[in-house]
Amino acid sequence: MRAHVDPGICIGCGLCVSSVPEVFRLNGDGLAEAVADGPDDAVQNAIDACPVSAIRKA
Ligand code: SF4
């Protein structure tokens, strides 16, 4: 599954980066971005766990 992070909503907490590092990374602005497809369950867990609901399916 491909994910998309809304940079206007992400607060850069790093949770998604810690939980699914093969998909998410923090960019130069300190905000998360999705850089690769990931397993559906892992991406869905990141979507569900984001405290500000900044991640969605792309
Ligand atoms: S979990 Fe949500 S708020 Fe935290 S870095 Fe990831 S996208 Fe941003």
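The values are calculated or read from the model by the stated rules, or taken from the named source; none is laboratory data. Here the structure is a predicted model, which means the values were calculated and not measured. Note: ideal-geometry Cβ built from the backbone for every residue, glycine included; neighbour counts use all protein chains shown.
Tabulated data
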| item | result |
| --- | --- |
| Those residues of the range 7-25 which are more than 6 Å from the ligand (Cβ to nearest atom), surrounded by 13 or more Cβ atoms within 10 Å (Cβ to Cβ) and of a type in the set (G, A, S), in sequence order | S19 |
| Condition broken by E33, with the remaining ones in (1) modelled with pLDDT of 95 or more; (2) in contact with a Pro (Cβ under 8 Å, 6 or more places away or on another chain); (3) part of a loop (DSSP other than H, G, I, E, B) satisfied | (3) |
| Only listed residue being away from the ligand (no atom under 11 Å from the Cβ) and surrounded by 15 or more Cβ atoms within 10 Å (Cβ to Cβ), chosen from G28, G38 | G38 |
| Answer residue from the range 44-58, given it is in contact (Cβ under 8 Å) with a residue 24 or more places away in the chain and part of a helix (DSSP H, G or I) and is farthest from L15 (Cα to Cα) among those | Q44 |
